Structure formats: structure tokens, C-alpha cells
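Report on the following structure.
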Amino acid sequence: MTEEQTENSTEQIVSSLLSKKTSILELIQTLGSKLTSANPSDRETALELLVAVLCSLPNDLLAALEVATLLEFLCAKLSDSNVLIAAPTIKGIHHLIVHSRNLPDGIERMVFKALLQDQTVQSWPHQDRYYIFAVIDFWLDNRLEGLHQLGPEFLLGFMQAIEGERDPRCLMMVFHLFQRVVALFSLGPFAGDMFELVACYFPIDFKPPANDPYGITSEQLATALEGCLLSHPSFASLCYDLVQEKLVDPETDSAKKIPCFDLLVAACDRFPPAALKDYIDGLWDGIRLEALNPAEKGLRHPESLLNALATIIRTSQQLTSAEGLNSDLVALLEKILSSCEPFVLQAEIGMAPRTLTVLQAVARIDSKICCRIAEKVLPWLMELAQGSTVNSVNRAEIAAESTPTLAEWCHLVVEMDSAASSFTPRLRDALTRLSLDILCRSATISTVAAGFSIGETLAATSDFKTDADDLVQLSKLALKAVVAFSDFEQVREACHLYLRAVAMKNWPIFNREIVPMLKSDVVAERLMVVAYSIHDTTSANVLFPSLIDLFKSAQYEDLAENVLLSLPVVFHLNEGNDQLINTCLGKALPVIIDWAQENHSAVDSVAICLQDISLELGEQEEVYLTTKLCAAVKAANVHKLPYVLKTVHLALVCARATNGELLSKTMDEVGAKMESVSAEVIAIRAALINKCDDLWEKELAELEKHCFANPIAQCLIAKALLFRNRQPAALDYVNKLFALLAADRNSTMTEACRNLFDFSARNSDPEKCRYEATLLWKQRWMSQTVPLFIKHFNNTRDDAKRERFFQVLGDILSFAQGVSASSSASEMTKLMPVLIVALESEMSLGTAELVVGALVTLLETEAAESALEPHIASVVERLLQLAGSEDHVSLKMKALKCLELMPKRFAPSVLSSSRRAVTKKLQSVTMDKKRLVRRAAADANNRWSMI
């Protein structure tokens, strides 16, 4: 090959090599004069050409001898004083080593010396460094034997090569190589030096540059670095030293301490417990500086801090196999308690909540530790609740804040130790007296609830031998409180739970002292107490009839609604107790159904009650309930049947598929008795379409036969099919409904189309109906129905008919609130032209309010930006007209709300052209006669004025 031929393209040279017209050695000889030229530019050009050719050759073309010769040549070239030659040289060495199929043996020392010993790797550009690191990675995979033969020289060269690396991509490779080297080589005396090479990067402080082609994140670097720090057993003490040093360093801010806590948790998990022993005190000191830092005003700690403290304690537990708490752990717990005590008792400085969070995290580790912590914390909190440690003027405020906290700790003790060993007789007596004192003096709602909550824990753990009188007294106070504080759910719930605890722990005392009061003074507020107190068959036999008998007595007719609310609670609290549930169902169902037939106005409430009961039942109990309800339906004559169906249909709608055959046959019998198909039968058959694979086609045929013109039935059918992902059939019904909406002025049709997007009703709520539903049913419903809605809207030109579509639009946008912005963005964008047309149309005030309310909904989602931005000018103009409308306050408020939301949602550049018109109009609206309108206009005006 002549010199002139070297000027030809790389492709031609490669072609010549492949056709054997020349050899690689001949190419080098041809390039020789340029490779050795005194002109650096010539040397660089020739070397780049050679490397480009090498990179274009098949991996198996070069023989081992040729590869060895080329590597020797390129390694020698690294000594060239021209730094520009280093780049193609290193690239060539990388390619020959990593990609050659015929890589010769024994070349590791030569290449290692050239790349890592004779050169300063970190002085080269990051791409060259990456090539060198890739060569090392290849060696570790394929030539480990050759690296081992280098002995300590390899470790020294490797350490020198990676020291001070700053490029994120190279650093990811360094962290990867570090872990491999540590695992494959004996570190010997270099362990400490190796650790320091990566410890200097901790914690990672890296912000990815814009448009980073490699997408390296701070999280990726942090994870890789943690793997390095934990990669060798000899790093244990070094790792704990590093964490301790960072935690006590005043230069380490709170954000940078979070990685320290995470590393500490990982280290305790990675290294043997004994490695932690000498660092326990120092690490607690570091955690304490952050956990009990008065400068930190937040009430909660980072989860990582609490995890780190809990991990230290758990690891300390493992220092001995003996039962109980070992001496190291006891000493640590005492230090924690002594550090926390002043911050708890001196509550006026505001550190008590943060401190108690730390102690609570410790107490949750196990029952023995909880007992040790609680025996100190409970007396502290009692002192605060009594106000005995506080000398400041806010004594009453601190006492009121401490009482609920005391209740939380009492529950924590019972949660961690059912025997509540921390409740010594003396402490129990003090807690009881404190509860009574709180309830007997004027107190806040939260402290009253806390008093009964404390009593609940005492009752749940009491032997009722020494404190029965006090707990009975507390029970009587609870009976009064549920009436006196009937408007405060927090107090009612605390009373209910306390009385249930007493009933469960000692039913004889409860039956003797409390039950007579419940039966003699029947008031609505105490019916829920009866429900909570039923906990086994014995209590059910005593108390449940007192609930059911209220349906039979005209004297207590006004209490029936409260009974209906109470009954599902009985089944909820006794889930799994088949005997109790079946006993209660057997007593309740005939009475409730008969009562509903005599009190038609309460049928809907009874239906909801039975559905709620059904939802609390296990499969076997629900079969029992469904069987009983179907029997009631079959037994009803033609005159009572409609009311019986109204009473039981919601419970049958939510019946499981195992009851499908029974329900289908029952509905067939109902169809034979009734001339028309009721809404209740439609709902039940729709549920069967959803749940029963073997019945759905038969049930669908039944409904189509009798309800082909019933839009409500078509809506329920569409929903039932939707949940089982039977899209074609479901969308056929949706398409029919929208077509009828465009053609029919019937209000029922509008209602049915709106109901397509309302899943809150008891007969279509997927949870209340136990519908079989796919995970992404909402997203699918949006994506499939919106195009149909838009198609029929666009085909409708009549303004009156379009107004019905505008009403449905409001329901679609309300439904979209339950769909993630990313999932609904496409559909929201498609709907925008409809919304714009709606805003510009002459609508009734009711429809206008619905459309503007839908716009408020849209503006509260991220989808608004892409969907609304192209139409922003016309939307703003219309909203200003509506904001100035007369005598419709609700519509004006919604328009003003839209205007207020816009500056929050859109960039100033999008709104700037409308700013002057908006502020001028809003200034006039601030003179409105309604104060609420004036305030809303002022809020919106302030937002726009800041653009």
C-alpha cells in the first residue's frame, strides 16, 4: 500500500484488509513516516486513522500475534509528549483488549504499566479515563489471573487511577470497580487507604447538569457509594467512624445527615453486631444532636433518623444471647432517657413533641424496651397533664396538650405488651385518678376524649379486683358523656371504645352495673354503646334484643334511624364470630324487613343498613344473609314485593358471585310476579352481569328483553360491563345513550348520561357493590367514553340539545378528578373545545354554574396547562362576563375562583396579554354588594396584579 492510499477513507482501508490485499502490519509500515513525524499534528492524524481502522474491523480478524504487536506499539505511543495522541491511543488499547476475540495471554503487565503506572490517569480527559476503567472491568471479568500475578502493584495502581475522580459517569464506573476489586483481592495494609478513597465522596453532593446524556442521578451515585463503603468486613470500624464524624460535625447540615442515618442502618445490617459495640455512645451523641436540636422547629423527625436509632438499639440487643436487656443496651437506654427527660418535662420550650417521637420510636422496638421506656415516660406525662412541673403561665395549655399524648402512650404500652407490665398497681391507681379528675373538671374536647382513652387501656388490662369501683364510676361518666358530647365524634368514639373494653374484660360487672342503665334510659346517643358492648354470644343474647325490640315499639319509633346506624357496627366489631353473627342475623332480619313494610319512608335507610351489614360479613355468613333475603323476596305477595325489593336490593347487589345462581332464580320468580321490571331488579341483574361469568350473558339478555328502552337500565348495564373489562358491549350502551341524549329531550335521558360518570350511588359504587373491577378502570372509562361524547356533541347543532351535553360535561370533569393528571391529560385536552363552546354559549344559569364549576375542577389539576393554554384569552374574557353577572352569587364566585386559580397554574407569559382587562374588571367587582364576592374578587385581583 502506497502513502497516497492512506489518504483514502477508512472504509477503503478496511475493505483492503478484509480482502487480504494488505495486512495490518503493512498498514503500520505505510503510516510509519507519519506516526513518527516531528509534526505532532501528523502523528495525531495517523494514529486516529489507525485506531479508526482497528475499531471498524471484525473482532476476530486479527490474530493474537497481531493484537500483541499492536498493543505493544500503542503502549509505547503513550510516552509521546503530545497529549493529543493519548486519546486515540487509549481508545485503541481499549478496543483491542475489550473487543478482540484473539487476545493474547500475558499482556496485562505491559498494558497495566503503560496505563496505570507510567501515567497519571486523572490528568487525562474523562472519556479516556472511562476507557481505562472499562479495561480494568474487562480484566476483572476475563483476566483475573493476570491481575493477581501483579500482586500489590495492581492495588496501588488502581488506587492511584481512581483517586480524585469527579466525572459522574466515570465515578459510577469507579464505584462499580471498587466493589469488585475489594471482593476479589486481599486488601492487607491497604484497607484503610482504599476506604478513604471513596469515603471522601460521602455524602454525595451532586446536581445533575441539564441535558445530561447519561442521566446519572444523585440517587444512583449515593447507592453505588454506599455499596463501596460497606463492601469489606474491615470497613466496619471505618464506616462507623465516618458516620459519627459527619453527625457531630457542625458543618454537616440536617439534609446531609439523612444519608448518614441511612448508611448507619445499612452498616448495622451488613456488619456483625460486635463491630458496633465501641461506637454506640458516640453514635447516640451524633443522633442526639439532630434529634434534640432546639433550633429545629418541626414536630416530626426524618424517618431515617428514627430508623437509625432503632437499628442501633436492635443491634445492641444482639451483643448477647441472654434473655432480657444486656448491660450495653441498658446503658444506652438510660442515656437516651436522661438526654430526653429535660426536653419532656420542660414542655414550655416546645421540644416535648419531637422528643417524645424519639422515645416512641425506641419503645416500639419490643415489649421489654417499651416497658423500660414507659416506666419513665408515663410518670413524666402524668406530671405534665397535672401541671405540676410547669411554672409558666401556659400551664393549662401544656396540661391540655399532654393529656392526649399520655393516652397515646398508654395505648402504645398495651399494643407492645398486652399484659401492660409497665402499669404497676401504683401507676394504674394514679392513671385512674387522673382520668377521673380530667373528666370531673372543666376540660377541652381532646382532654375529655383522652381521659376515656386512658380508661380504655386500664380497662383492657385490669383484673377488676382492686379498681372495679373506679372503672365503674368511669363507665357511668362515659354513659353521660355520649349524650353530653353527642356532637363531638372524638369523645363519642373514646367512650364507645372504653365501654367495650370494660364489657369484654369483665362482662359480669358490666352486665350488673351498666346494662340496667342502658335498658332503663334508652336515648338515641346510647344505642351505639349497646352495639359496641356486644362482643360474644352471651352479651349478644342480653343486648342485641334491646336494639331489635325498638322496631316493635311505637314509643321508640324516632330511634329507628339510630338503630339502623348501630346494627352494622355489631357485625363489623365481631367479624369472624360465626355463631354471634348468625344469631344476630336470625333475630334482626324478619323484624327489620317487616318494619320497613310498615314505614315506607325508612325503606332507603333500611336498604343501606342491610348493605353495610352484608359488606361486613365473611363468605359463609353472607351466603346465610343472601339466602334469608331471597326467601323474604319469594315469600312476599305481589302488593308487598316492591317494598321488599327496595328493602333488600342493595344487600343483594353486593352479594358475592357464589350466590349468583340463587339470585338469578329469585329474580326470575320476581319477573313472573311483576308486570314491569323495577329499578331494584335492574340493579341486581346488572351486578350478576358483572360478577358471574356463567350467568352474565343470560342476565344481559333478560334486561335487554324487558328494558331496551330504559336509559337507567342501560346506564347500569354499561357500568357493570365496564368493571369486568367487557369494553365492546359496555361502549355499545354508552354510544346508544349519547345518541338518545342528542335526540330526546327526556330529562331521564340526561340523568342516565350524567350517571354514567357518577359512581357514588349505592347501586353502582364498585366497593359497595363488590364489583369485580380492573385496576385502571377509571382511566379506561375516561379514554373510551370521552371520544363518544365528543362525537355526539359535534353532531348536535341544536343549542337546547347541546345544553344537555354541557350538563354531562360537568360530571365528566368531576369524574376526572379521581383519575391521575397524566392518565387523563389526553382526554381533558380533547374536551377543551366542548368546554370553550359551553362557555361561549347562551346557557341557563344552572348549566352555566355547572360548566364553570367544571372549569374550576380542571384548573385544580395539572392537565389544565396543556388543555387550556391555547384557549386562554377567550376563556378569560367569558369568565370576566360571568364574574360581573347580576343576582347569581354562586356563579360569580365560581368564575372568580377560576380567575384566581389561573395565575397559579399558568406562566406569566401566557396571561400577560389579558392582565390589564382582568385587573380593571376585577376592581369593579370588588365593589359588589356581597361581602363574599368582594373578597373573592380581591383575592383574584391580587393574583393577577402580581403577574
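With a 1.4 Å probe and all protein chains in place, put 538, 750 in order of accessible area, largest first. Could you put the intermediate results ahead of the total?
On the way: 538 80, 750 15 Å².
Correct descending sequence by accessible area is 538, 750.
For the chain, build the charge dipole from Cβ charges (+1 Lys, Arg; -1 Asp, Glu) around the Cα centre, then report which of 263, 875, 103 sits farthest towards its positive end.
Result: 875, furthest along the dipole toward the positive end.
Which is the longest stretch in the chain that no exposed loop site breaks, taking sites as chymotrypsin sites (Phe, Trp or Tyr not before Pro) with a DSSP loop state and at most 13 other Cβ atoms within 10 Å?
Between the exposed loop sites, the longest stretch runs 215-707.
Summing Lys, Arg as +1 and Asp, Glu as -1, what charge do residues with Cβ under 12 Å from the Cβ of residue 934 carry, residue 934 excluded?
Values: positive: 892, 929, 930, 931, 935; negative: 928, 939.
Residues near residue 934 contribute +3 overall.
Gap in Å between the Cα centre of region 360-390 and the Cα centre of region 724-801?
Between the Cα centres of region 724-801 and region 360-390 lies a distance of 57 Å.
Among [x] -0.43, -0.58, -1.03, -1.20; [y] -0.36, -0.51, -1.10, -1.31; [z] -0.55, -0.77, -1.21, -1.23, which is the computed log10 I(q)/I(0) by the Debye sum over Cα atoms at q = 0.05, 0.06, 0.09, 0.10 Å⁻¹?
The value computed from this structure is option [z].
Rounded to the nearest percent, how much of the accessible area of the chain (1.4 Å probe, protein heavy atoms only) is carbon and sulfur?
C and S atoms contribute 50 percent here.
Taking the Cα centre of region 362-490 as origin, sum charge times position over the Cβ atoms of Lys and Arg (+1) and Asp and Glu (-1), and report the length of that vector in debye to the nearest 20.
My answer is approximately 260 debye.
Given the rule -39500 (n - 2.57) for each run of at least 4 DSSP H residues, summed and divided by the residues of the chain, what is its mean residue ellipticity at 222 nm, to the nearest 500 deg cm²/dmol?
Result for the chain: -22500 deg cm²/dmol, rounded to the nearest 500.
Under a straight-distance cross-link criterion of Cα-Cα below 16 Å, which lysines are reachable from residue 256, leaving out those fewer than 8 residues away in the same chain?
Hits, sequence-local ones excluded: 207, 246.
Only loop residues by DSSP count here, and only those with at most 13 other Cβ atoms within 10 Å; note down the GluC sites (Glu not before Pro) in region 813-860 that meet that.
Those satisfying the criteria are 842.
Using Cα-Cα distances under 8 Å and only pairs 6 or more residues apart, what relative contact order does region 658-759 have, in percent?
21
Find the accessible area per residue for the chain; the probe is 1.4 Å, ligands and nucleic acids are left out, and the unit is Å².
Solvent-accessible surface per residue comes out at 44 Å².
Put +1 on the Cβ of each Lys and Arg and -1 on the Cβ of each Asp and Glu in region 56-206; which of 136, 199, 156 then has its Cα farthest toward the positive end of the dipole?
136
Pick out, from 535, 553, 510, the residue whose Cα sits farthest towards the positive end of the charge dipole of region 501-605, with +1 on the Cβ of Lys and Arg and -1 on the Cβ of Asp and Glu.
Going by the charge dipole, the pick is 510.
What shape does region 261-302 take by its C-alpha gyration tensor, where a ≥ b ≥ c are the square roots of the eigenvalues and a/c under 1.5 counts as rounded, a/b above b/c as prolate, and the rest as oblate?
Numbers: a/c = 4.75, a/b = 2.01, b/c = 2.36.
Oblate, because a/c is 1.5 or more while a/b does not exceed b/c.
Under unit Cβ charges (Lys, Arg +1; Asp, Glu -1), what dipole magnitude, rounded to 20 debye, does region 897-947 have relative to its Cα centre?
160
Find out how many positive minus negative residues lie around residue 521, taking Lys and Arg as positive, Asp and Glu as negative, among other residues whose Cβ is under 12 Å from that of residue 521.
Numbers: positive: 476, 480, 519, 526; negative: 525.
Net charge around residue 521: +3.
Would you mind working out the magnitude of the charge dipole of the chain relative to its Cα centre, with +1 at each Lys and Arg C-beta and -1 at each Asp and Glu C-beta, to the nearest 20 Debye?
Working: 90 positive and 119 negative charges, 573 e Å.
It comes to approximately 2760 debye.
Given axes a ≥ b ≥ c from the Cα gyration tensor, I'd like to know whether region 775-905 is rounded (a/c under 1.5), prolate (a/b larger than b/c) or oblate.
It comes out oblate by the Cα gyration axes.
Expressed as an acute angle from 0 to 90° and rounded to the nearest 10, what is the orientation of the C-alpha long axis of helix 799-816 relative to the principal long axis of the chain?
70
Looking at the square roots a ≥ b ≥ c of the eigenvalues of the Cα gyration tensor of region 218-361, which shape do they give, rounded for a/c under 1.5, prolate if a/b is larger than b/c, or oblate?
Here region 218-361 falls in the oblate category.
How far is helix 696-707 tilted off the main Cα axis of the chain, in degrees rounded to 10, range 0 to 90?
50
Sort out for me the Cα centre separation of region 884-947 from region 108-182, rounded to whole Å.
64
Give me the angle, in degrees from 0 to 90, between the Cα long axis of helix 931-945 and the longest principal axis of the Cα atoms of the chain, rounded to the nearest 10.
Approximately 10 degrees, to the nearest ten.
With respect to the cross-link table entries 257/277; 736/897; 673/719; 736/892; 897/921; 897/929, which display a Cα-Cα separation exceeding 25 Å?
736/897; 673/719; 736/892
Using DSSP to define loop residues, name the trypsin sites (Lys or Arg not before Pro) in region 82-121 whose beta-carbon has at most 15 other beta-carbon atoms within 10 Å.
101
The values are calculated or read from the model by the stated rules, or taken from the named source; none is laboratory data. All of these numbers come straight from a predicted model, not from anything done at the bench. Glycine also receives a Cβ, built like all others from the backbone with ideal geometry; neighbour counts cover every protein chain displayed. Remember, those area values only see protein heavy atoms, side chains included, never the ligands or the DNA or RNA. Shrake-Rupley method; radii C 1.70, N 1.55, O 1.52, S 1.80 Å.
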